[in-house]
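Engineer: Encoded as structure tokens, here's the structure I'll be asking about.
The values are calculated or read from the model by the stated rules, or taken from the named source; none is laboratory data. All of these numbers come straight from a predicted model, not from anything done at the bench. Methodologically, a virtual Cβ is constructed for each residue, glycine included, from the backbone with ideal geometry; neighbour enumeration extends over all protein chains shown.
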Amino acid sequence: MDGQFEIAAIAVHHNDMETPLITGAFALLLITISLLQPLARRLGLAPSVLLATVGTMIGILAIYLRYTAETNAFNAIADVFINPPLDSEMILYIFLPILLFQTALTLEVRRIVEDIAPILLMAVVAVFVATAFIGFALYPLATLFSLTDITLIACLLLGSIVATTDPVAVVAIFRDIGAPARLGRIVEGESLLNDAAAIVIFVILLHMLAGHETMTVGEAAIAFCRSFAGGIIVGALLGRIAVSLLPIMRDIPLAQVTLSLALPYGTYVLSDQFVDVSAVVAVVCAGTVFNLYGPARIQPASWQFLHAVWEQISFWAASLIFLLSAILIPRFVEGFTPVDILLLFVVIVAALAARAVVIFGLLPVLSVFRMGQAVNDRYKTVILWGGMRGAVTLTLALSVSEHAMLSDEVSVFVTKLATGFVLFTLLVYGTSLKPLIRLLGLDKLNARDEALRTQFLALALSDVRHELETAARNYHIAPRVTDDVLKDYESRAEAAAAETNKLEELKDWDRVRIGLIALADREQQLVLEHFHEKTISGRSVSRFLALTGRTGDLTRSDGRSGYNQAARQPLKFGLGFRLAQTLQRRLRIARPLAIRLADRFEFLLVYRILADELVDFNNKRIRPLLGDRVADILQDTLAIRQDETLAAIDALRLQYPDYADALEGQFLRKAGVRLEETAYDEAKEQMLIGTELHRDLLRDVERTRKACHTRPKLDLGLKTRELVSAHPLFADLTRKQQKAIRRMMRPQFATPGEKLIRKGDRGDAAYFIASGAVEVRAPSHNIRLGRGDVFGEIALMTGGRRSADVVALGYCQLLSLRAQDFKALLAENEDLRNHVAMLTKRRQLMNLDDGETEMEDPVFPIFTEIRTSNQTGEELSPETVLAEPDAGETETEILTFDEADAQNDPSLMEKLSAADTVTATPEEPSQLEKDKDSHAEEGEEVQEVAKSDAGSVDAEPEKGGAEGTQPHSKGFEASAADASTPDQGKSEATEEATATSEPEETRKPKTKTRETA
């Protein structure tokens, strides 16, 4: 195939064949394929079983007609089937990219990611296990029977060829019996990726067997990883390029389909011939990217048309590759000996054992470590027995038979056993799979479904009977005719009504589960309807479909708790959002975060609309079916979802009200365009307007649609200049000072519930709130802070650890300042330094637990000595100031020095114990006691005032949070650890708290405070 790992193929030339014969043979194959489909349905067999059987019969008939002595009239047409004008490389290049791409195009990518662990286990690990089991089981027998050319590498090569699976029959059966959807996804994902893994292993082993180069196990593993990872990169890149080209041909569906057809072929050739990576992996990855991002770039109708075309193309490709490969089976199995039968038996047992080890041994381990949901043993048995092999195995075997560098013994050994194994799986597994389903009882409805069936049937037949009566009256049909037609419906309705007691016999939670499953299925249908009506963007539709599918799965397994879990999941912030947030904080790249936030806005709006529509569905359809009690429970469940969704929307609207209005207006405009288009279509169908007028009106509609489908851009409002100039703390500073501050500040965006500061961590930054609200979770109470407040500064000043958690209550715009910049800012701005120094001590005192008498960390990293003097300059002792509050105007000077100064000056060291203290008189309580008492007495009043300033933001308390957290209660109790409110723009609550926390004696004298650095 490609470069270093090329599969050499011998091309078969057909110079003597005429084009009409080849065309006629191709037509015969297409007719055969079309006729086998209804026959397979009638016989209850998988189409692949009939294709293999008929293909083998065609091969046998062609050999007979070619070599019989009775006539040579059919020699020319027989040669077309015996030596088809396609070798193995051509079959792989023509058919394999189509099959891989179409499978990737139809996968629910977001759901596949959820089950990626079991899929990788079944697709990659299982291929290695099967290759090893088969190879090491065959090699001793090959040595025993003196097969000199059959080395261990040759046995492993055979194992890699038969490790691929064809899941079509199993997936179809799972859909028929109503198996959990995730089982079908696992089987489909297994087939898609195990083809890639098996072909990579096959190429490596074939390269070693042909003698090009010897490899150690480590070198082979590196080659595998390189080929696999390289294929992912190349496929993702080419897929993104193709998606980016789709808008160019937005209104030309035929061109879009043509581009999608070129993508798998171009990817396969480029990866295989030029980049030297796995072409199979590259095509799968390109199809996945196209599936994930394509719907957002083209119209819904065009995307549906593309899927329909690809379904037809893949049907032709899958059927033709199977039929062509089966035609060669007689040639491969010619000359089967008893030794070959024994070797085939070993292959069958080893393959079955390897698959059993993975399914029953390794798969349950994933559920133990919560990497996948548990699978019922009956379904495991079906997956085990459904491991049929198909066209890819036959094609790889054909490539071995055509390889010039391999000995005849190796070629015959591989092709015989691979072909025999394929025939066995198709004829034994394929024909016995449905009987196995019946034996395991998987084809029967469970009690819930049976009860629901009878109840729904009774209601449906009753509705049909009433509709028929109305129609008979409207069309003046004779009563005798009407009675004759209605007789059958009456009898069926009575029989169904007699069995409706089955539903009443079910337990309440079973009936609730039935209702929730109906809601999940209906929501999926509503998503598709909105997508078709173009009121929901292609950007969101895949996410919604994945969500509704996940909701249905969790509801089926866990009932109401599963439904609630799935319904709350999209309200959380995922990994992609966190990565975008990290980019903004670390590298100041805000665009990805703005896109994520805009996506969340759009998603929540549609999510709310879907919940409203489900409420209507519950009242009109589910209530008559399951009764008022169950419908009321479903109503409560939907009400909780509505409230939580609305709270998430309100949190965004509070921060970006204009953008919320723009999005809602855009949704209404989309709905209006759809209604306008529907009105014109109905008028044309009713012949009220002509074709030309209809086209002209639709052109106007399309122009309007293009205008309203461009989503407005979201400005996060994180420009440092605007945030600094608008912050109350810096609003009065000069432009030069603001510019200096901007160089140090970093804008930061916080989301609801995000923990901005953790108790016990080392302080590395202080935060200035530009907008939004946060909650400081102190040891004994919780405090809310809003615009203009500061938090996180105490740990920077003390050098200690954080003394409380700080959590964002809503979306917040913050300015963060690193520790060294914070200290530099205080050193340069005296007013700011005085303000922070004054408030920090008071708030740290307020933050003490009841019964605490000293603070965990000192107030200042710089120690202070307070000197008070009167008008004559005489220094007054603290006792004099307290005892004679009316002594006249005084001046207080705060002398500051740090620990380093104290260590160099012994006289300063002696003052450390007395620094920043005021000795109370015996009659007076200590300053600490007064502050704490004042704080306790004024708490309620402070809470009431602070509520109006900080506002209230709907946010669910974090699990494990401090007791007493009341998001909607009356504010906070004054202040918190690591929280300061600036003088400029500080709230009334803070001013009142400052006033009430000071003792009366220290408030009476008129003092003038000055700090000396």
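Engineer: For the stretch 83-96, which positions are of a type outside the set (Gly, Ala, Ser) and either under 21 Å from Ala318 (Cβ atoms) or in contact with a Phe, Trp or Tyr (Cβ under 9 Å, 6 or more places away or on another chain) (or both)?
Structural biologist: Taking the stretch 83-96 as the starting set, the residues that turn out to be of a type outside the set (Gly, Ala, Ser) are 83-87, 89-96.
Of everything in the stretch 83-96, those that are of a type outside the set (Gly, Ala, Ser) and either under 21 Å from Ala318 (Cβ atoms) or in contact with a Phe, Trp or Tyr (Cβ under 9 Å, 6 or more places away or on another chain) (or both) turn out to be Pro84, Pro85, Leu86, Asp87, Glu89, Met90, Ile91, Leu92, Tyr93, Ile94, Phe95, Leu96.
Residue-by-condition table, conditions (1) surrounded by fewer than 17 Cβ atoms within 10 Å (Cβ to Cβ); (2) touching a strand residue (DSSP E or B) at 6+ places or on another chain (Cβ under 7 Å); (3) touching a residue at least 40 places away in the same chain (Cβ under 8 Å):
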residue: Ser557; (1), (2), (3): yes, no, yes
residue: Gly576; (1), (2), (3): yes, no, no
residue: Leu579; (1), (2), (3): yes, no, no
residue: Leu597; (1), (2), (3): no, no, yes
residue: Val606; (1), (2), (3): no, no, yes
residue: Leu610; (1), (2), (3): no, no, yes
residue: Leu614; (1), (2), (3): no, no, yes
residue: Ile622; (1), (2), (3): no, no, yes
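Engineer: Restrict the check to the stretch 94-104 and report whether at least one residue is surrounded by fewer than 20 Cβ atoms within 10 Å (Cβ to Cβ) and farther than 19 Å from Thr395 by Cβ.
Structural biologist: No: zero hits.
Engineer: What number of residues within the stretch 801-827 satisfy the criterion of being assigned to a strand (DSSP E or B) and either outside the structural domain of Tyr767 (by TED's automatic domain parsing) or not hydrophobic (A, V, I, L, M, F, W, C) (or both)? Full working, then the answer.
Structural biologist: Filtering the stretch 801-827 for residues assigned to a strand (DSSP E or B) gives 801, 805-808, 812-818.
Keeping just the survivors that are either outside the structural domain of Tyr767 (by TED's automatic domain parsing) or not hydrophobic (A, V, I, L, M, F, W, C) (or both) gives 801, 805, 813, 816, 818.
Looking only at that region, the number is 5.
Engineer: Can you find a residue in the stretch 579-588 that is out of contact with any Lys or Arg (no Cβ under 9 Å at 6 or more places or on another chain) and closer than 27 Å to His530 by Cβ?
Structural biologist: no
Engineer: Only one of these conditions is not met by Thr258: (1) touching a strand residue (DSSP E or B) at 6+ places or on another chain (Cβ under 7 Å); (2) surrounded by fewer than 18 Cβ atoms within 10 Å (Cβ to Cβ). Which number is it?
Structural biologist: Answer for Thr258: the failing condition is (1).
Engineer: Separate question: Does the stretch 391-413 hold any residues that are small (Gly, Ala, Ser) and assigned to a loop (DSSP other than H, G, I, E, B), and which are they?
Structural biologist: Hits for the stretch 391-413 are Ala404, Ser407.
Engineer: Oh, and also: Please report, ordered by residue number, the helices (runs of 4 or more DSSP H) entirely within the stretch 179-272 with at least 2 residues that are under 22 Å from Ile112 (Cβ atoms), assigned by TED's automatic domain parsing to the domain that holds Ile150 and without any contact (Cβ under 8 Å) to a residue 60 or more places away in the chain.
Structural biologist: In the stretch 179-272, 217-245 are the helices (runs of 4 or more DSSP H) which contain 2 or more residues that are under 22 Å from Ile112 (Cβ atoms), assigned by TED's automatic domain parsing to the domain that holds Ile150 and without any contact (Cβ under 8 Å) to a residue 60 or more places away in the chain.
Engineer: Where the second residue is crowded, with 21+ Cβ neighbours inside 10 Å and the first is without any contact (Cβ under 8 Å) to a residue 24 or more places away in the chain and lies in the stretch 118-132, which pairs have Cβ atoms under 7 Å and are six or more apart or on separate chains?
Structural biologist: Pairs found: none.
Engineer: Does Val774 satisfy being crowded, with 22+ Cβ neighbours inside 10 Å and farther than 20 Å from Asn829 by Cα?
Structural biologist: yes
Engineer: Looking at the stretch 135-169 only, could you name the residues that are under 30 Å from Arg41 (Cβ atoms) and part of a helix (DSSP H, G or I)?
Structural biologist: Val168, Ala169
Engineer: Where residues in the stretch 129-150 are modelled with pLDDT of 90 or more and surrounded by fewer than 20 Cβ atoms within 10 Å (Cβ to Cβ), which of them is nearest to Gly211 (Cα to Cα)?
Structural biologist: Among them, the one singled out is Tyr139.
Engineer: Considering only residues that are part of a helix (DSSP H, G or I) and either of a type in the set (Ser, Thr, Tyr) or not assigned by TED's automatic domain parsing to the domain that holds Arg492 (or both), look in the stretch 453-478 and name the one that is modelled with the highest pLDDT. Full working, then the answer.
Structural biologist: Our first condition is that a residue be part of a helix (DSSP H, G or I); within the stretch 453-478, this holds for 453-474.
Now drop any that are not either of a type in the set (Ser, Thr, Tyr) or not assigned by TED's automatic domain parsing to the domain that holds Arg492 (or both), which leaves 454, 462, 470.
Details: Thr454: 75, Ser462: 79, Thr470: 88.
Ranking the candidates gives Thr470 first.
Engineer: Of all residues in the stretch 717-737, which are surrounded by 18 or more Cβ atoms within 10 Å (Cβ to Cβ) and of a type in the set (A, V, I, L, M, F, W, C)?
Structural biologist: Across the stretch 717-737, the qualifying residues are Leu718, Leu723, Val724, Leu729, Phe730, Leu733.
Engineer: Which condition breaks for Lys572 when tested against (1) within 26 Å of Pro295 (Cα to Cα); (2) touching a residue at least 24 places away in the same chain (Cβ under 8 Å)?
Structural biologist: Every condition holds for Lys572 apart from (2).
Engineer: Let me ask something else about it. Going residue by residue through the stretch 742-760, is there one that turns out to be surrounded by 23 or more Cβ atoms within 10 Å (Cβ to Cβ), under 26 Å from Leu652 (Cα atoms) and in contact with a Pro (Cβ under 8 Å, 6 or more places away or on another chain)?
Structural biologist: Within the stretch 742-760 (the criterion being surrounded by 23 or more Cβ atoms within 10 Å (Cβ to Cβ), under 26 Å from Leu652 (Cα atoms) and in contact with a Pro (Cβ under 8 Å, 6 or more places away or on another chain)), the answer is no, since none of the residues qualifies.
Engineer: Which of (1) outside any helix (DSSP H, G or I); (2) modelled with pLDDT under 85; (3) not basic (Lys, Arg) is the odd one out, the single condition Ile112 does not satisfy?
Structural biologist: Tallying (1) outside any helix (DSSP H, G or I); (2) modelled with pLDDT under 85; (3) not basic (Lys, Arg), Ile112 fails exactly one: (1).
Engineer: While we're here: Which residue is farthest from Phe749 (Cα to Cα), if the candidates are limited to the stretch 590-628 and must be among the small types (Gly, Ala, Ser) and part of a helix (DSSP H, G or I)?
Structural biologist: Ala611
Engineer: Where the second residue is outside any helix (DSSP H, G or I) and of a type in the set (S, T, N, Q) and the first is on the phi > 0 side of the Ramachandran plot and not assigned by TED's automatic domain parsing to the domain that holds Val109 and lies in the stretch 289-308, which pairs have Cβ atoms under 8 Å and are six or more apart or on separate chains?
Structural biologist: From residues that are on the phi > 0 side of the Ramachandran plot and not assigned by TED's automatic domain parsing to the domain that holds Val109, there are no pairs.
Engineer: Here's something else I'd like to know. Do you know which of the residues in the stretch 359-378 that are assigned to a helix (DSSP H, G or I) and buried (at least 20 other Cβ atoms within 10 Å of the Cβ) is nearest to the chain's Cα centre (by Cα)?
Structural biologist: It comes out as Leu363.
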